[in-house]
Amino acid sequence: MNRRSPHHVGDVMTSTVVAVGLEARFKEIAAAMTQWRVTAVPVLEEEGRVVGVVSEADLLHKEELRDSEATLVGQREHLTDYAKAGGVTARDLMTTPAVTVPSDASLPQAARLMAQNAVKRLPVVDAHGVLKGIVSRSDLLKIFLRTDEDLAAEVRREVVDRFLPVSRPGIGVTVDKGRVTLTGPVADPALIPVVERLARAVEGVVDVRCDLIAPTARMAEPTA
């Protein structure tokens, strides 16, 4: 049996997460990041709800502003940075509200959130905002590790069999290193671009070569 393609963040996320509480101290947070080799940690309330994120950038404000001129104009321009530079707990240091993603979000939705907010990872939460895991850019790339056989089976099952029921016996589906090739005659030529687009949408597919063709018209019988 072919494994179902992962379609949601919950399928690829990392369940073991390094997180801190609101009262975690600066050095505790820095030590946790160093020990676990992460660049950011979610900040949780007692019930496990994500209320913010502390990143390396948040911690480095202490060093960045240590030698800066503490002029009134400078303080106004970097008010938030100065506040964080003086912070000693996660409550003071964190960026809030946290950018999170629900566990049932699609992988493209998670990728868009990362791009829009210029972050490399997102806390994964349930409907109540409780932390369930973490999803990173590398996690989203896991879909491209699916085997060629798995991809071919899904393209045939979810695309060819469903959208080309009449033509499917003559349709060829091959996959080489994630690249799908579709061959054979299609009874309704209008469906060819639709099938190509749907094949490209299968998670883990790298590219699609569409060699589907309209059926060859029979030549008229010669008259006596």
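The values are calculated or read from the model by the stated rules, or taken from the named source; none is laboratory data. This structure is a prediction, so every number in the text was calculated from the model and none was measured. So basically every Cβ, Gly included, is an ideal-geometry build from the backbone, and we count neighbours across all protein chains shown. The accessibility values were calculated without ligands, DNA or RNA, using every heavy atom of the protein model including side chains. Shrake-Rupley method; radii C 1.70, N 1.55, O 1.52, S 1.80 Å.
The amide H of Ser167, built 1.01 Å from its N in the peptide plane, has Ala187 as neighbours under 5 Å, considering only residues 5 or more places off or on other chains. Legend: calculated FRET efficiency, Arg197 to Asn117, from the Cβ-Cβ distance at R0 = 30 Å, rounded to 0.05, equals 0.60.
Here the gap between Thr16 and Thr147, fully extended at 0.36 nm per residue and compared with their Cα-Cα distance, gives a gain of 44.5 nm. Annotation: amide H-H contacts under 5 Å for Gly184 (H modelled 1.01 Å from N, sequence separation of 5 or more, or interchain): Gly172, Ile213.
Highest mean first, how do 23-35, 191-203 rank when packing is the count of other Cβ atoms within 10 Å averaged over residues?
Top of the packing list down: 191-203, 23-35.
Couplings 3J(HN,Hα) of the stretch 168-181, computed from phi: 4, x, x, 8, x, 10, 10, 9, 10, 6, x, 9, 8, 10 Hz, in residue order, whole Hz [Karplus 6.51 cos²θ - 1.76 cosθ + 1.60, θ = phi - 60°; x for Gly and Pro]. Residues in the stretch 134-148 carry Karplus couplings, in order, of 9, 10, 10, 4, 5, 5, 5, 7, 4, 5, 7, 9, 5, 6, 4 Hz; the curve used is 6.51 cos²θ - 1.76 cosθ + 1.60 with θ = phi - 60°, and Gly or Pro positions show x. Only Lys, Arg, Asp and Glu carry charge here, each on its Cβ (+1 for the first two, -1 for the last two); on that basis the stretch 84-224 has a dipole of about 580 debye about its Cα centre.
What is the stretch 114-224 by shape, rounded, prolate or oblate, if you read a ≥ b ≥ c off the alpha carbon gyration tensor as root eigenvalues and call it rounded for a/c under 1.5, prolate for a/b larger than b/c, and oblate otherwise? Intermediate results must be reported in sequence, preceding the final value.
On the way: a/c = 3.45, a/b = 3.04, b/c = 1.13.
Verdict is prolate for the stretch 114-224.
Of the accessible area of the stretch 116-224, computed with a 1.4 Å probe over protein heavy atoms only, carbon and sulfur atoms account for 57 percent.
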